[in-house]
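Below is one structure; the comments refer to it alone.
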Amino acid sequence: MSIRTGLVAQFRKPHGVVGALAGWVMANRPSNVERNRWTVGLLDVQPDDHVLEIGCGPGLSLAACVAKLGGGRVVGIDHSELMIVQAAKRNATALNEGTLALHTGGLDILPKLSLEFTKAFSVNVAQFFPDKVAAFRAMAEAIAPGGLMATTYQPRTPKPTKADALDMAQTFTAALEAAGFIELRTEYLAMRPAPVVCVLARKAQATVPLQGQTH
Ligand SMILES: C[S@@+](CC[C@H](N)C(=O)[O-])C[C@H]1O[C@@H](n2cnc3c(N)ncnc32)[C@H](O)[C@@H]1O
């Protein structure tokens, strides 16, 4: 395995000493901090929202969401136990007060969460999903009808370009549409060392059959 492949693996599922370092980078690198702040801003979290973050890493966005809540809840999931430990340390007060819940696991744990979410998001996670349509379908199951989802991506290739970011936004858009999401729009933020895209999408309202309708 090359050094680069090994490093990418640590950002896909951090573990051990190098994983702890990857978590520190995620929490402190200015462009990481900025892309998380930007994503939460696009979600326009309201005090009574129930928010889900998939792949919360060290928990920067969780803290930003908690700060906007009054009565609502935030749930963060990550399949790396190490990242859940870091997110818990960063958000100890919210965790103790019950505003925040954290779970170690992947998308398979979503059906076990007791909340229906009004907003859901991920930041530099969806590029790792091998089957993006299936992943977005699983997320849709956890979101309330009319709920909003934000999927953010910042390329971390050696010389990232705007085209790299927009290509991934197109991939997300196609998969989100195939998963049944509506009202899709792409936001773009020029940032150093790499631009960022966020695809926003809404879960359709449930359709209610007309009364008296036979077919
Ligand atoms: C590149 S890091 C981004 C972390 C954080 N969202 C941020 O922007 O700082 C990707 C994170 O997603 C998690 N992750 C990747 N695939 C996942 C999956 N299928 N289910 C849950 N967590 C996942 C990884 O463990 C890692 O913490």
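Numbers below:
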{"item": "Pair list, Cβ under 8 Å, 6 or more apart: region 2-14 residue under 11 Å from His79 (Cα atoms), other residue near the ligand (Cβ under 9 Å from one of its atoms) and aliphatic (A, V, I, L, M)", "result": "Pro14/Ala22; Pro14/Leu82; Pro14/Met83"}
{"item": "Scope region 114-153; condition among the charged types (D, E, K, R) and over 15 Å from Val199 (Cα atoms); matching residues", "result": "Glu116, Asp131, Arg137, Glu141"}
{"item": "Single residue of region 131-163 satisfying the filter (without any contact (Cβ under 8 Å) to a residue 12 or more places away in the chain and among the charged types (D, E, K, R)) that is surrounded by the most Cβ atoms within 10 Å (Cβ to Cβ)", "result": "Asp131"}
{"item": "Residue within region 119-133 that is within 17 Å of Ala63 (Cβ to Cβ) and more than 14 Å from the ligand (Cβ to nearest atom) present", "result": "yes"}
{"item": "Pick from region 64-78, criterion within 16 Å of the ligand (Cβ to nearest atom) and among the aliphatic types (A, V, I, L, M), ranking: surrounded by the most Cβ atoms within 10 Å (Cβ to Cβ)", "result": "Val74"}
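A quick yes/no check of all residues on (1) over 18 Å from Met149 (Cα atoms); (2) assigned to a helix (DSSP H, G or I):
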position	(1), (2)
Thr5	yes, yes
Phe11	yes, yes
Ser31	yes, yes
Val40	no, yes
Pro47	no, no
Cys56	no, no
Gly71	yes, no
Gly76	no, no
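One line per residue, one yes/no per condition, for (1) outside any loop (DSSP other than H, G, I, E, B); (2) farther than 22 Å from Cys65 by Cβ; (3) at pLDDT 95 or above:
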site: Ile109; (1), (2), (3): yes, no, yes
site: Leu115; (1), (2), (3): no, no, no
site: Phe136; (1), (2), (3): yes, no, yes
site: Met139; (1), (2), (3): yes, no, yes
site: Thr171; (1), (2), (3): yes, yes, yes
site: Glu177; (1), (2), (3): yes, yes, yes
site: Arg192; (1), (2), (3): no, yes, no
site: Ala201; (1), (2), (3): yes, no, yes
site: His215; (1), (2), (3): no, yes, no
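The values are calculated or read from the model by the stated rules, or taken from the named source; none is laboratory data. Keep in mind it's a predicted model, so treat the numbers as computed, not measured. A quick note on method: Cβ atoms are made from the backbone with ideal geometry, for glycine too, and the neighbour counts reach across all protein chains shown.
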